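Scroll down for the structure; my scribbles are underneath it.
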Amino acid sequence: RVVDGTRVFSLTAQEGTSELVPGVQTPTWGFDGPYLGPTLRAERGERVAVEVTNDLPEPTSVHWHGMHLPAAMDGGPHQEVEPGGTWRPTWRIDQPAATLWYHPHPHGQTEKHVYRGLAGLFLLDDDASVAADLPHDYGVDDVPVIVQDKVLDDDGTLELDDSGAEPGTLGDVVLTNGATGAYHDVTSERVRLRLLNGSTARTYQLGFPDRRMDLVATDGGLLEAPVEVDDVRLAPGERAEVVVRLEPGETTRLHSFEAELGGVVVPFAMGGNDAFDVLELRAADRLTPSPEPAWTPSAHAAADALHADDATVTRTFQLDDRQINGRRMDMGRIDETATVGTTEVWEVRSTVPMPHSFHVHDVQFRILSVDGDPPPPALAGPKDTVYLEPNRTYRLLMRFEDYTDPDVPYMFHCHMLWHEDQGMMGQFVVV
Ligand code: C2O
Ligand code: CU
Ligand code: CU
């Protein structure tokens, strides 16, 4: 709905019942339905407004993960919505085309709210994404793939009280877009998959056993050029867009392989040895030809570019198993103050033999180096969340372009949601 030039959405967080496994009804939460939420979509330059209503029996919030926007609109723990309440954030979309997402962020309760089903995609478009000639027929050759693991009880219902231990809830069943045994009927030569790890703790290694795929975008948008990969590793909160080719009549499966967790001492404790089928692709006997992706720089490319030479501030973040820089989240404490218009380098490291998924609100960063080496191609694009292999230093380049607010902070935190809820989170303001 467009009202006076503003694209207006509404989302209602509600309780419901879902059939996550065939034939079994289980209580879940969702936006505008029993599980997950609608895909929101807007164009660069558009003003958007969302009416967020909370029909849950407890406070929640809705955070626009990956979005550049004023802190008061961010939907973090400072913008909780009381039961029965409505919150009305509005902002202008001012960033490249990307696969973003939204999910609750209530203080100490994020794992529970996301695990029960509250999450959805927020897709952004711009001139460059149109010019790239990627498959873009939503639900046909442009397919959302929200991957989430769940613990199911013997009777097939969702186990709701599993957490409370390191590293948070690890499920034995993987749902794709809220379903087990997910498949998609393919009608074109190429399919674009918008992968989101919407899980609370699990890291996936997603790929096809019988073919490579073109990685075309990471969290914050298109890469400079597609990169052919066997698989992509996605930690909680991370996204990737891949394009895969199919032959007429064939069937293949997107698979979650044993994850390459990198220097984790007990990988099985992180679910690293598990493997799952994620999405079956069934190609029709006749496929519509898809154009070869073409990359032309966007009109905004120069303005969007981050330059390492511009960095004037370096901050260091050490994550142990519970804290960031020796501190746990305190809603009343501002941990970092950034100056508007500055470019910064954040040096982030997990100092324990445990990985983390480090996320920064408001910005898309560029990974300058991993332990001094240039990042692999899959980590070279725009990012807002990065898997931290233990004991490696990730240098992240970011710029605080606009939107100052001395009172309302943005968050940075581990996106393994049990860690986040345990207090592995800090707050920064831009002034
Ligand atoms: Cu996706 Cu602070 O979160
Ligand atoms: Cu976020
Ligand atoms: Cu963590």
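The values are calculated or read from the model by the stated rules, or taken from the named source; none is laboratory data. The shown structure was predicted, so the numbers you read here are calculated from the model rather than taken from an experiment. All Cβ positions, glycine included, derive from the backbone under ideal geometry; neighbour counts span all protein chains shown.
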Looking across segment 83-115 at residues that are assigned to a helix (DSSP H, G or I) and in contact with a strand residue (DSSP E or B) (Cβ under 6 Å, 6 or more places away or on another chain), the single one that is nearest to ligand 3 (Cβ to nearest atom) is Val114
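Table: residues versus (1) assigned to a strand (DSSP E or B); (2) more than 24 Å from Tyr102 (Cα to Cα); (3) in contact (Cβ under 8 Å) with a residue 60 or more places away in the chain.
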{"position": "Val232", "(1), (2), (3)": "yes, no, yes"}
{"position": "Gly249", "(1), (2), (3)": "no, yes, no"}
{"position": "His255", "(1), (2), (3)": "yes, yes, no"}
{"position": "Glu260", "(1), (2), (3)": "no, yes, no"}
{"position": "Phe268", "(1), (2), (3)": "no, yes, no"}
{"position": "Asn273", "(1), (2), (3)": "no, yes, no"}
Being within 16 Å of ligand 3 (Cβ to nearest atom), in the same structural domain as Phe358 (by TED's automatic domain parsing), in a strand (DSSP E or B) and not small (Gly, Ala, Ser) is the requirement here; does Met411 meet it? yes
Taking segment 20-75 and keeping residues part of a strand (DSSP E or B), more than 19 Å from the chain's Cα centre (by Cα) and within 16 Å of ligand 2 (Cβ to nearest atom) leaves Val50, Val52
Within segment 361-402, residues within 16 Å of ligand 1 (Cβ to nearest atom) and either in contact with a Ser or Thr (Cβ under 7 Å, 6 or more places away or on another chain) or not in a loop (DSSP other than H, G, I, E, B) (or both) come out as Phe365, Pro382, Lys383, Thr385, Val386, Tyr387, Leu388, Leu396, Met398
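Any idea which residue in segment 348-364 is farthest from ligand 3 (Cβ to nearest atom), counting only those that are among the hydrophobic types (A, V, I, L, M, F, W, C) and either more than 22 Å from Ala338 (Cα to Cα) or without any contact (Cβ under 8 Å) to a residue 60 or more places away in the chain (or both)? If you could, list the steps in order and put the result at the bottom.
As a first pass, look at segment 348-364 and keep what is among the hydrophobic types (A, V, I, L, M, F, W, C): 348, 352, 354, 358, 360, 363.
In the following step, the residues that additionally are either more than 22 Å from Ala338 (Cα to Cα) or without any contact (Cβ under 8 Å) to a residue 60 or more places away in the chain (or both) were identified as 348, 352, 354, 358, 360.
Details: Val348: 11, Val352: 9, Met354: 7, Phe358: 8, Val360: 14 Å.
Here the residue is Val360.
Kindly establish whether Asp371 is touching a residue at least 12 places away in the same chain (Cβ under 8 Å) and closer than 19 Å to Ala98 by Cα.
no
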Of the residues in segment 116-127, those that are within 25 Å of Gln364 (Cβ to Cβ), in a loop (DSSP other than H, G, I, E, B) and more than 15 Å from ligand 2 (Cβ to nearest atom) come to Asp126
